[in-house]
């Protein structure tokens, strides 16, 4: 009996630690209205983060910023892609957080076609955060998933 209780306690602590450092660990879910086919008029990315994040989530923020600002420069410059960051510690962002039902960390993509919008969270990113900054496989998976979702959105999928 003591072993079961100890095992349960250790598992609880482990899960608490994973949740605390990995943010939202849900799989990608899409909740969309039926959008017309074809290329979108606009893709908006809304990223919610904490300014005083732990190292691994700070690193994730760096990867997001670098990927979007360098790999999607043309889309940003043309206005087809809009990227907005919100510090969840700033009370000025409370209304936007409520609108998205966002927690401390969230990454949302909104696709607009012919004035019809579809917004979905991209939560699978947080599964690939890196606590050391040295795991190239995690970084590659994180950036790969981020680019996959952005490419799909920009293609109108």
Point to revise | Segment residue 94-residue 41, length gained on full extension (0.36 nm per residue, minus Cα span) | key: 16.3 nm
Review point. For the pair residue 137 and residue 69, what calculated FRET efficiency results from E = 1/(1 + (r/R0)^6), where r is the Cβ-Cβ distance and R0 = 22 Å, to the nearest 0.05?
Key: 0.40
Exercise for review: Sort 90, 46, 130 so the one with the fewest other Cβ atoms within 10 Å of its own Cβ comes first.
Suggested key: 90, 130, 46
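Here, each number is a calculation from the coordinates, and none is a lab measurement. Computed from a predicted structure; not experimentally measured. For neighbour counting, all protein chains shown are included, and Cβ atoms are generated from backbone atoms with ideal geometry for every residue, glycine included.
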